[in-house]
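The values are calculated or read from the model by the stated rules, or taken from the named source; none is laboratory data. If you're wondering where the values come from, they're calculated on a predicted model, not measured in any experiment. As a convention, Cβ positions derive from the backbone with ideal geometry for all residues, glycine included, and neighbour counts pool all protein chains shown.
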Amino acid sequence: MELNYINIIDYLGTFAFAISGIRMAASKRFDWFGAYVVGLVTAIGGGTTRDLLLGITPFWMIQPSYLIVTGIALLFVIVFGKWVVRLNYTIFMFDAIGLGLFVVVGIDKTIEHGFPAWVAVAMGMITGSVGGIIRDVLINQVPLILRKDIYAMACIIGGLIYFACIRMNFSPFATQSVSLVSVILIRVLSARYHIGLPLLKYQEEDKPEN
């Protein structure tokens, strides 16, 4: 298969997300096979959901290289385990990078199949976030997307920036790059400065005093 820019982004996103999943599995003391499974579903979960919604064959059923990339990610964690597992910040950075990469991949693939911009933005969010949801469920923790974090919103903003760049006649490379960087920056800066969406609070009506 001839590689192009979007293929490279896709493989990098797969590698980054797989490492984030494997790293979390290692912190829960999974064995090698369990860690591979967690890494794999983290890497392909969002893209599989996207493809099913778009009515096309899931990408990894056509090209098995994604399974191989996940295996390489597992070997990377095994070889550099002490470095990867002990640095808590690594999981966050790999997750943020994978998020940005997969948003771009999801949008590009949706446009390629003739869907409108609003669907592409939604598919970018799904591609970037669903794998992390499955990962968190498998390791028995509240999915990151449901907590007070700018996660799915980073995907949506990155998607809107993608189409803003198209309206300003940016080249495809520049459009993808700006969208990718914007997702990563929003994710990193929101975590660094503890920026989050308001919590939905429920407050019972005050009972009248006797």
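Within segment 16-39, can one find any residue that is closer than 15 Å to residue 104 by Cα and over 14 Å from the mean Cα position of the chain (by Cα)? Checked segment 16-39: no residue is closer than 15 Å to residue 104 by Cα and over 14 Å from the mean Cα position of the chain (by Cα). Of the residues in segment 113-134, not one is over 16 Å from residue 187 (Cβ atoms) and hydroxyl-bearing (Ser, Thr, Tyr).
Suppose we keep only residues that are over 17 Å from residue 181 (Cβ atoms) and modelled with pLDDT under 85 within segment 85-124. Which one would you say is surrounded by the most Cβ atoms within 10 Å (Cβ to Cβ)? It comes out as 91.
Among residues of segment 149-164 that are free of Cβ contacts under 8 Å to residues at least 24 places away in the same chain, those with a beta-carbon under 6 Å from a residue that is of a type in the set (S, T, N, Q) at least six positions away or on a different chain give the pairs 161/179; 161/182. Does at least one position in segment 172-181 carry a residue that is closer than 17 Å to residue 47 by Cβ, surrounded by fewer than 20 Cβ atoms within 10 Å (Cβ to Cβ) and of a type outside the set (A, V, I, L, M)? No, that holds for no residue.
Applying the set (1) touching a Gly at 6+ places or on another chain (Cβ under 8 Å); (2) surrounded by fewer than 16 Cβ atoms within 10 Å (Cβ to Cβ) to residue 127 leaves exactly one unmet item: (2).
Filtering segment 159-194 to residues that are among the β-branched types (Val, Ile, Thr) and farther than 20 Å from residue 7 by Cβ leaves 161, 166, 186, 188.
Please go through segment 26-79 and give me each residue that is outside any helix (DSSP H, G or I) and closer than 27 Å to residue 121 by Cβ, ordered by number. Matches in segment 26-79: 55, 56, 57, 58, 62, 63.
Restricting attention to segment 1-13, the residues that are in contact (Cβ under 8 Å) with a residue 60 or more places away in the chain and part of a helix (DSSP H, G or I) add up to 6.
Touching a Leu at 6+ places or on another chain (Cβ under 9 Å), at pLDDT below 95, aromatic (Phe, Trp, Tyr) and surrounded by 19 or more Cβ atoms within 10 Å (Cβ to Cβ), is that true of residue 17? Taking the combined requirement at face value, the residue satisfies it. Take the residues in segment 52-84 that are of a type in the set (Ser, Thr, Tyr), without any contact (Cβ under 8 Å) to a residue 60 or more places away in the chain and out of contact with any Gly (no Cβ under 6 Å at 6 or more places or on another chain), then tell me which one is surrounded by the most Cβ atoms within 10 Å (Cβ to Cβ). The residue in question is 66.
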